[in-house]
Structure formats: structure tokens, C-alpha cells
């Protein structure tokens, strides 16, 4: 079954949508709704004490807990059934365990993070994508699930309203006939939709549905599963209420209303809002029992599945010793790598919330008394403040974990370990410490998924992130107010330090967290807006590809890697390729295309970087373009020299190329054979090329670089002809050829050979490629740059020249500077300088570090050999 092709908005459209003020207003409205709900709960629960609620939770009968667990299982099974039904409707078949695991994990993450369609949908996208589904197919599965939920809410809510007794409707201010009629109408709406499906002719297509038209039986099955899900979820909470509190049909309607309000509020898990609707709808019930049941419901229906999700992800990551389990772990690894960021983010968010709320609750008296005899009081005070601040930091880091940032992963693990220690020191809170350690273990098990080298920017938080953080901070503040309402407020509380001074600790921690939140929000508000999406559009790449084919400089082909941002002239006459790393916007080379338009694009990049408070730099620019960059206020720093071999009359004769001539003859005696294949033939050769590339990487104990260097990317390599070196029928070396405009310059980009290839194989490849280019009329062959070569050694030379010269002569441990220049010198080239145009002075080291990180794939790549 072909995948549907839904229209996709452009990246610029998405960036504009993300920046619309109404998203912030919507989040503020949700926080205001939460604050209102918490205020109302504070007023309604004024007579309760935390100890009373704890006793009510402890008094819950085992039969009620078992019934709640069984109902939770039924609800999640029904949700997995919705996914299985949706996959069947789009003609995709997956093993039942994969569907069940994906639906369970996605639902658990969505329930706890809020914005379930986004957060839970992202888990489905990653897992189902790992199992072979396209993004459009996963979006269809999510849409069908949302439609089923909507039908279930209408039917269950209408059914419950239709069965309400007239007395209750009168208490709500509704005439009995109106209430019952509205309920019947709501319940009839999904049934009307099923009837509409039944009336359609077999095979009749729908304009918005690219698959075969669903049968009425499928719609009925979806409605049935939604009703089972909502009924079971309501039974979880209803079974935890004292017997006789309310009849289940009546409670079902109230539960649907509370769930709907929680969904609309977008507060994570409907926290506070759900409880407010519940208590308001059951005025006859004991508030203490209601609150205890609601807390137990959240633990069973929300937190327990999230913990099981973490255990599932961890179990999939563990590699047992048995051969069978090893194979299963390897098969599951891609899926777990995809889902680890979402599971880890949800768990880190939950662990941060636990630490914050724990800081607002009074410590256990017996535990605190034991600690007081072992640890000094100042350490207890500091650990309490540290635990709350660590909780806030984890809430912020959970957003960075979604972007798979390696620095965020490492920092989150360290903070979780510190939070576990702070929990033990501040009150011997073993439970909170265990949660933090479990979360750290899950993050460590899934560490392979967090491999993005981007610099951690904790202030890059959107409205959804601030909604989640604000909801937890408000809830923790409310928990403290609820816990210490019996303590009379006095100014002296702020300075009171005592072993059992729980209320003063809560006040100080809440103030510190509030100040930290306000500082973070203010910092984000005054910082320049971060750049938008980095992915070039298909149209932009097509224009760039045309300009590359017309460019005399071959390194313009680096744009086809697709890893750079693009600035393109409106007329399509020039482009600048660049990338953002840290505080630097770095262009790769000079502008490509017509000079006047390219100059304007260079100025535009400088303006864009300035608007974002960043530095603009141009890497490996030519000497004749330096006046442009000097006019822009940039300083020119010599990077090294580029080796250019003239191809007119190229030969191996003469003393200067004697060593090269001997190496070439030896390669011919070894039986090496040279061949060039067109770009159209590369696809068939890719398996052989991949095998050589992997062997080369393993033999060099290195990893792929980027930005200014090509990498083994199949889509990228299909653009170019390739030079192949054979020994009999074995491919021993290859390189892709940059041909530029086909007249001026020829160059080799990606060069790989087998570790078992004869010595001198790369000399042979270079020489034969130069001969091939000379025969086709190319003017020169570009051997690439020798870094730090040709810098001035005079005592009065600039500092960079003196440092670079020292590194060139003594830095062989980091990079083979002299060896690389000596190798290229064998070809008797003409040396041409290459420069970095960037802000000078104290800004230059930052640009150089960002540049090295960009090329090496992160700060680790700077020292990788």
C-alpha cells in the first residue's frame, strides 16, 4: 500500500508558526487556569492536613488497589487495540508485541508530559519509524486514535448525561428534558458517523482519505475500544473511592468532563485541573477521601506505566550473555535508540517534579531526628535548597534531552546522582533517591541516543516547555501552602534555622526556585532569538546544485551534503552555505555564483548573525576576495596553503616527481587497475564502496567528519563520478570526483582504501585521476589544503602565525601537519594561501573552537585523530 502524500508546510512556515505570540498566550492561559484550580482547591481543602491524606491513602483496601490495577491494564490494552486497528486500516502489519509496546510507551509518555498528541505521537513516530512506517503513515495512526478518543468522549459523556437522575440535573441548573436530550444527542453523534459510513457505496473514495474506505465495522470497533478505554480509566478512580460515594454511570460522566477539561488545559496530566473538577462535581463526598483516591489514581494510572516504560526501555538495552538474547537486543537497539530521548525526557521531568514537590513536604520526623545526630544542621539546610534547585534544573534539561544533546545527557546524569544524594541528606528520602537513581540508570542505558554535539542552551525553551515547568513549580508551591497552612506566618520564619524547621525550609526553597525561574525567563526574554531550522529545502538544494555545476571552484559541491544552511539570491544567481555552531555563524568558503549577488549574501549573513548576537566567519576563503571581508570589518587569519597542480602537459617525468614515478610503477606491478564510473553507475557500486569505507574507518580508528569534508552518505555520493582502484576483481580504493564546471578544476573529496591495499595505492589513484582530468581538458587539480603551512616565522609576525608555526613543527601528536604538506609536495604543486575571515581579537579563539567543533562533529572531534 503506498504511503499517502499529505501537504507539508515549509520550514519557514513552521518557524513563523512557532514564533506566533498566541502560543505564549495560550500557555499563559493554561497556567492561569491551573493557578485558579489550585486556589479553588486550597479553599475547598482548608480543613485538611497532609497527615490525614497520607492516612487515607494508607487505608485504601487491597481489593480496591487490585481492581484499579486491573482496570488500568484493560485501559492500556484498549489503547493498544486502537493502534492495531489503525495499522490494519492503512494496510500495514506489525507483530502484536511491537504494537503493544509502542502504544503502551507512547501513552505513558503522553499522559505524563501533556500535549499527548505531540509527545506520545513523537514516541510512535520514532518507534513505528524504526519498524518501517513512514511519517505520513504514523500521522494517520495518530489521527485515527484521536478520532476514536473523540467518539468515545462524545458517546460516554452523552450516555452518562442521559442517565443522570432529574434531581442531580436540577442541582446543576439544567431541566431534566434538556439534560437528557443533550446527552442522547451527544451519544448519537458517533453513531451517526457510523451510519454515514454504512450508506457509502463499496469502493467509494474519500477526498481526504488516501486508503480504502473504512467499513462501518472498523468504525464500530474503534468506538468500542474508546468506550472500553474511558470506562476502564474511570473504573480505576471509581474503585478507589469509598463504597457508596457515587454510582458508576454518574461518575463516568463526571470523569469524562474532568478528563476533557484536563486535555483542553494542556497542563501535564491535567494536574490540579482534573482534581478541581472532580471535587467540584462530588460535593457530597468526603474531600479527604477524594484527594487520597485522586493521588492513588495518578500513581497507578500515570506514574506506574511510566516506570514500566522505563523498565521496558532498559530491558531492551541490556545485552544478556546468551546468544538468543544478544540477537534480540541487537534487533531492538534501533527502536530503543529512537525512543530513548522521549522516555528519558519524561523520566527526568518526573524526577525533577518529585524533587521539587519533596522540597515542599515536611520531612519524616523519625528520619530527620536520626540525621540530626549524624550530620551538621547547615548541611541539611544546604541539601534541601540544592534538592529543589536540582529539581528545577532537571525540568529544564528534560527539554534539551528531547533534542538528543550529548551535553544535556551528561549533565542530567550528574544532577540525578546529586539529587539522589541531596534527597538522602535532607531527610533520608529513600523513595525520591531511588527514583533519581532509576532515572539515571535509564539515561545511562540509552546514552547512545544522545549523540548530538550541539551546545547546550537551557534558555531555548518554548511555550510548551514553560507551561510544564510553570505547572510543576505552581503545584509544588501549592503543596507547601497546603502542608503548612497550620503554621502562622511570621517574618522571622525566613531566618529560622532548626532541625525540625520544615516550614522555613519550604519558604526559602520556594523563593530560591521562583527567583531562578524568573531569572531564566528574563534571560531568555532579553537574549537574541535563536536561529530557525537548519535543514535546506528541496528547492534550495536544486538551485544550489545548478550553481555548483557552473562553479569553477570544486569545493562548492560540499553544499550537496545537505548539512548546511543556505542563503540563496532571490534570482538564483548565488548562494552562501553556512552553519551555526555555538556563538558563530560560519560560512564554508566564499559565496558561490555571480560576484555582486554573492557579496550581498555575505553582508546578509553578517547582518543575520548580528541580529542573533553571534559572530560571522568565512572559512577557507581565497586571497582575491579578502577586500570584501575587510570592508565587512572582519580580520583575515591565514589558515594554510592549498596545493594546486597544473594539468596542462601533466606527466611524471623529471626529478621533482621521481618518487611519485617509482610509486606509480610499483602499483602497476602489483596489478592495480584504475577506472572511472559515471554518477549513474554509483548506485550499483554502493555496497562495495560501503565495505571499503567501513574498513577504512575501522583501520584508522576515526569517525566521519563534516562541514568542510565529505562523508560516506549515499545520497551525497550519487551526485558524482567515482574513481575506483581494483586489484583483480577486488575493489581496494575509491574516491568521488568533484568536477566543477567541467573545464577549470578537478578534485578528489572522499578517499577511502582497504587496510590490506598495496602501499602507494593513494599515489596511484591521484596520478591516474590527474591523467584522466588532463585528457578531458581540466586546467588544474586541487589537492586540498595543508593546514598551518606557509605561516610567517619572523619575530614580528602576528601572534597567530607564531603559534601556528610552533604547532606546525611540534604538533604531530594532534595532527600530521608536516607529513601532509610533504605528501602533497611530491606532486610539485603551486601553493595558494587560504584564509579565515572572522572577528579578530578575543573573539577569534571562540570562532576557532566553534569551527573545530563543527568539522569534528563536537568537542570530542577536536582531539580525535
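The values are calculated or read from the model by the stated rules, or taken from the named source; none is laboratory data. Bear in mind the structure is a predicted one, so any value in this text is a computation, not a measurement. Here Cβ is always computed from backbone atoms with ideal geometry, including for glycine, and neighbour counts include all displayed protein chains.
Brief remarks on what is shown
- Residue 621 without any contact (Cβ under 8 Å) to a residue 60 or more places away in the chain, closer than 28 Å to residue 786 by Cβ and in contact with a strand residue (DSSP E or B) (Cβ under 9 Å, 6 or more places away or on another chain): no
- Annotation for region 283-305: no member residue is part of a loop (DSSP other than H, G, I, E, B), modelled with pLDDT of 70 or more and either crowded, with 19+ Cβ neighbours inside 10 Å or not assigned by TED's automatic domain parsing to the domain that holds residue 39 (or both).
- Residue count, region 610-646 (criterion: under 15 Å from residue 847 (Cα atoms), surrounded by 14 or more Cβ atoms within 10 Å (Cβ to Cβ) and under 29 Å from the mean Cα position of the chain (by Cα)): 6
- Boolean, residue 443 is in the same structural domain as residue 382 (by TED's automatic domain parsing), more than 22 Å from residue 343 (Cβ to Cβ) and either crowded, with 21+ Cβ neighbours inside 10 Å or at pLDDT below 75 (or both): no
- Residue match in region 562-575 (condition: within 22 Å of the chain's Cα centre (by Cα) and buried (at least 21 other Cβ atoms within 10 Å of the Cβ)): yes
- The lone exception for residue 660 - which of (1) in contact with a helix residue (DSSP H, G or I) (Cβ under 7 Å, 6 or more places away or on another chain); (2) modelled with pLDDT under 85; (3) assigned to a loop (DSSP other than H, G, I, E, B) it fails: (3)
- In region 542-569, the residues that are under 15 Å from residue 715 (Cα atoms) and without any contact (Cβ under 8 Å) to a residue 40 or more places away in the chain: 542, 559
- Residue in region 672-684 that is within 16 Å of residue 749 (Cβ to Cβ), surrounded by 16 or more Cβ atoms within 10 Å (Cβ to Cβ) and modelled with pLDDT under 90 present: no
- You will find that of 52, 15, the residue that is at pLDDT below 80, assigned to a helix (DSSP H, G or I) and not assigned by TED's automatic domain parsing to the domain that holds residue 223 is 15 and no other.
- In the set (1) within 38 Å of the chain's Cα centre (by Cα); (2) at pLDDT below 90; (3) in the same structural domain as residue 696 (by TED's automatic domain parsing), residue 759 fails one condition alone, (1).
- For region 808-831, the condition of being assigned to a strand (DSSP E or B), at pLDDT 80 or above and not assigned by TED's automatic domain parsing to the domain that holds residue 748 holds for at least one residue.
- In region 123-214, counting only helices (runs of 4 or more DSSP H) that sit wholly within it, the ones holding 1 or more residues that are modelled with pLDDT of 65 or more and in the same structural domain as residue 235 (by TED's automatic domain parsing) span 135-162, 176-199.
- Among the residues of region 624-646, those that are in contact with a strand residue (DSSP E or B) (Cβ under 9 Å, 6 or more places away or on another chain) and assigned to a helix (DSSP H, G or I) comprise 625, 626, 628, 629, 630.
- Among the residues of region 580-610, just one is part of a strand (DSSP E or B), under 19 Å from residue 639 (Cβ atoms) and out of contact with any strand residue (DSSP E or B) (no Cβ under 6 Å at 6 or more places or on another chain), namely 581.
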